[in-house]
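To keep things clear, I will list the structure first and then write my remarks on it.
A short reminder: the numbers here are calculations on the coordinates, not readings from a lab. Everything numeric in this text was worked out from a predicted model, so none of it was measured. Virtual Cβ from ideal backbone geometry, glycine too; neighbours counted across all protein chains shown.
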Amino acid sequence: MIRINKYLRQYRLIAQTRAMRRNKKAKIKECDEDFKGRLVAITGATSGIGYATARKYASHGANLLLINRNEEKSINVCEEVRQDFGVECEYKIADFSRISDVRNLAYELLNLNLNIDVFIHNAGVFSTKKVITEDSLELVFQVIYLGSFILNYVLKDKFKAQESTRIIFVNSEGHRFAFFGLRLDDFEWEDHHYSGLRSYGQAKLAQLLSMIRFDEYFKDSGVSINAMHPGSVKSSMGQNNGRSYRFFKRVLIDRAAKSPEISAQALYYLGVSKEMEGVSGKFFRLTTEEVPSPPALDREVAEELWDVSIKLGGLE
Ligand SMILES: NC(=O)c1ccc[n+]([C@@H]2O[C@H](COP(=O)([O-])OP(=O)(O)OC[C@H]3O[C@@H](n4cnc5c(N)ncnc54)[C@H](OP(=O)(O)O)[C@@H]3O)[C@@H](O)[C@H]2O)c1
């Protein structure tokens, strides 16, 4: 209750809505610089935003390390970008709905002699129904949030030892669906009503809260960590849901949605441009900086979440 009151006092709904409207119309910044021979890691690069981003970086000469759950799709994407752009493309397989998969992958990357210049956490899922994973966690939270946390946590010192790394979360304005903040006491949604929007909001909010701690950790190093909303774009998001949701999405959401290439353009700008050098701990709507919701700035909850995530991820 105290926390709810605290956030309500912090919300500036009219000013924030105006700013969001303005930002929505802002021109997406572009970066024409080359990224030849540099390495970009992208999670969930088999479709939608991740796929478009892989192609965008490859078109500027970057080599790719794709982290996907589906081997066949990974082979196809890698063959395609090698052929189209003549870059190197490797893939690793991990299903983010399995903690052991992500942890094993994180330690494998830690032990590889690779300099990762840009790390894009993009893998995500939206589920209208509550799905509990074999790790006894809710699926959306585990795939979107815990997966990215485990990777960042295990790799944080490797990143710090590099001359520079830019970490980017493909986050969402959807973090605002968690209007009253993060629930740390019910990751299985047993004590409160599950909805697709609320679980998505919780997962994206958790990612922004983890950014507070990682940003502190990377202070005075060559590592930056930022989050972005990629716009409302056409992708395979939500295809795992029932027929009525898919119909609703096709008719109402996809009609107004744009091409994922605009998200890729923004992710290239955030990952490569000189203007972004030294910028860290910020939330962007595409390439325009924006203030996230009050719960996403709650340092106290960020601390609690950090400790809980280390335990959930088996990282003690
Ligand atoms: N589209 C939008 O308008 C929008 C708006 C705001 C934020 N976002 C965010 O953008 C990101 C990309 O979404 P998208 O719209 O491009 O959707 P998408 O086309 O469905 O792409 C999602 C990617 O995540 C992968 N993925 C899903 N579950 C996974 C799991 N358990 N383990 C590993 N990988 C998994 C998918 O792999 P498979 O190909 O194997 O399914 C796919 O590569 C997400 O984080 C999403 O929340 C999207």
(message) Return the unpartnered cysteines for the chain, using a Cβ-Cβ cut-off of under 4.7 Å.
(response) C31
(request) Identify, among A257, L267, L312, the residue whose Cα sits farthest towards the positive end of the charge dipole of the chain, taking +1 on the Cβ of Lys and Arg and -1 on the Cβ of Asp and Glu, with the dipole about the Cα centre. (result) A257
(message) Let me check I've understood the local charge: for D191, count other residues with C-beta under 11 angstrom from its C-beta, Lys and Arg +1, Asp and Glu -1. What total comes out?
(response) -3
(request) Evaluate the relative contact order of region 31-312 (contact order divided by residue number), counting alpha-carbon pairs under 8 angstrom at least 6 apart; express in whole percent. (result) 21 percent
(request) Exposed loop trypsin sites (Lys or Arg not before Pro) only (DSSP loop, at most 10 other Cβ atoms within 10 Å): please give the longest stretch of the chain free of them, not including the sites. (result) 37-218
(request) Can you put T43, T128 in order of Cβ neighbours within 10 angstrom, beginning with the fewest? (result) T128, T43
(request) Classify the chain as rounded, prolate or oblate from the Cα gyration tensor: take a ≥ b ≥ c as the square roots of its eigenvalues, call it rounded if a/c is under 1.5, otherwise prolate when a/b beats b/c and oblate if not. (result) rounded
(message) Run the reach check for K130 against aspartates and glutamates, Cα to Cα strictly under 12 Å, same-chain hits fewer than 8 apart removed. What comes back?
(response) E138, E188, E190
(request) Place a +1 charge on the Cβ of each Lys and Arg in the chain and a -1 charge on the Cβ of each Asp and Glu, then give the dipole magnitude about the Cα centre in debye, rounded to the nearest 20. (result) 1620 debye
(message) Test of the criteria: in region 176-275, which GluC sites (Glu not before Pro) are in a DSSP loop and have at most 13 other Cβ atoms within 10 angstrom of their Cβ?
(response) E188, E190
(request) Select from Q10, I150, I225 the residue farthest towards the positive end of the dipole of the chain; place +1 on Cβ of Lys and Arg, -1 on Cβ of Asp and Glu, and compute about the Cα centre. (result) Q10
(request) Mark the label point 7 Å from the Cα of E88 along Cα→Cβ and return the residues of region 103-138 whose backbone N is within less than 14 Å of it. (result) 112-117
(request) Pull up the DSSP beta bridges for the chain and report the antiparallel fraction as a percent, rounded to 5. (result) 15 percent
(message) Greater than 28 Å separation of Cα atoms is the criterion. Which listed pairs, K56/K158; K92/K311; K73/K274; K29/K129; K56/K258, meet it?
(response) K73/K274; K29/K129
(request) Please find the FRET efficiency linking I14 to D95, where r is the Cβ-Cβ separation and R0 is fixed at 45 Å, and quote it to the nearest 0.05. (result) 0.55
(request) Going by C-beta contacts inside 10 Å, put H192, H60 in order with the fewest on the left. (result) H192, H60
(request) Determine, for C89, C31, the number of other Cβ atoms within 10 Å of each Cβ, and report the residues in order from fewest to most. (result) C31, C89
